Amino acid sequence: MDVLLGAPVWYGNRPFDSTLKELYKLELDYFEFSLDYPLPDCMHDAERRDMKRLLEDCGLKIAFHSPLDIAVAHPREELADASMAVLKRCMDFSAEFLPVSLYYNFHLHPRLSTFKLEEVRQMIIEEGLGRCRTITEMASESGIVVSVENDLVSFEWSDLILEALSLPNLYFTFDVGHAIMAELLSKDVQKRVSYLDYIERWIENCGAKILVVHLHDCCLTDKQDHLSFGRGDLDFDAVFTLLKRTSCKYLLIETFWRNRNKDEMDYEELGRNVEFCRSYL
């Protein structure tokens, strides 16, 4: 696989200059910058200039993860409009980093208790698709590559994402752990024989649109994801065999926890994760 390797960076990783220098030492290609509150508004012009200069000095590239607290596909128009305003501000921020900005990633599925009611879901799909068209138009105007990520929602209930991916300028961020955990946590889905089936079904339907892969280990019995590689139950020989069937260009090492006790990742463990992934690329 000819892909770029990255790691996530969020507001809690301040000071950012120290974090980026550590990622540079690990010879990562890029990082995915999560724009959770109070980002990006809290970054003053001087701090933005410093980050751009550090990116240039280190030869790092940057991608962006949209805030998790917005709901662009929410059926309440007032909430969706407010979310779109925040997303627009975040996308404008990401455009400031072109041409080293790789993609802008966002979540689509609204967190609603009524989502599984057929008439509600159809309204959400119609509204969501309209918002996705607007997002892709905004991105195209700014030269941004935009990608939608699968949530912790089973494949059977992900029809909004599946329909949205028919749009020509919208790509897919495939979170492998989300695909597995969504099925394991669902009470409505008939369980398949293997977690590899859950991965394969997404790849069969969306493989040509997969631009980014978010990868981490998972504990299947405790239903825990975002673990360091080798600390969970996944067979990565099999996982990478499936991923090599996709058009993936970027692989994000999204490991938040060093082990099943949820001890936080450190740079030593992240370095081991980087070498682990490189052994498959």
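For segment 20-38, which positions are touching a His at 6+ places or on another chain (Cβ under 9 Å) and either aromatic (F, W, Y) or over 25 Å from D69 (Cβ atoms) (or both)? I'd like the intermediate steps shown before the answer.
Step one: of segment 20-38, the residues touching a His at 6+ places or on another chain (Cβ under 9 Å) are 32-36.
Matches in segment 20-38: F33 only.
Scanning segment 133-164 for residues that are in a helix (DSSP H, G or I), within 19 Å of the chain's Cα centre (by Cα) and free of Cβ contacts under 8 Å to residues at least 40 places away in the same chain, we see that the one that is nearest to A179 (Cα to Cα) is D159.
The rows are residues; the columns are (1) of a type outside the set (S, T, Y); (2) surrounded by 22 or more Cβ atoms within 10 Å (Cβ to Cβ); (3) under 16 Å from the mean Cα position of the chain (by Cα); (4) in a loop (DSSP other than H, G, I, E, B).
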position	(1), (2), (3), (4)
P168	yes, no, no, yes
H226	yes, no, yes, no
D233	yes, no, no, yes
R245	yes, no, no, yes
G271	yes, no, no, no
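Looking at segment 140-149, which of its residues are buried (at least 21 other Cβ atoms within 10 Å of the Cβ) and over 20 Å from D175 (Cα atoms)? Passing the criteria: only I144. Every condition in (1) loosely packed, with under 15 Cβ neighbours inside 10 Å; (2) without any contact (Cβ under 8 Å) to a residue 60 or more places away in the chain; (3) touching a helix residue (DSSP H, G or I) at 6+ places or on another chain (Cβ under 9 Å); (4) within 30 Å of R278 (Cα to Cα) is met by E27 except one, and the failing one is (2).
Condition test on R258, is it of a type outside the set (S, T, N, Q) and either within 25 Å of C206 (Cα to Cα) or surrounded by fewer than 17 Cβ atoms within 10 Å (Cβ to Cβ) (or both)? No; evaluated as a whole, the condition is false for this residue.
Flag: D222 does not match the condition of being within 30 Å of N261 (Cβ to Cβ) and either in contact with a strand residue (DSSP E or B) (Cβ under 9 Å, 6 or more places away or on another chain) or buried (at least 21 other Cβ atoms within 10 Å of the Cβ) (or both).
Among the residues of segment 99-116, those identified as surrounded by 12 or more Cβ atoms within 10 Å (Cβ to Cβ), not aromatic (F, W, Y) and not in a strand (DSSP E or B) are V100, L108, H109, P110, L112, T114.
The numbers here are math on the coordinates, done by the rules we state, and not lab data. Every value quoted in this text rests on a predicted model; they were computed, and no experiment measured them. Quick reminder, even Gly has a Cβ in these numbers, built from the backbone with ideal geometry, and neighbours come from all protein chains shown.
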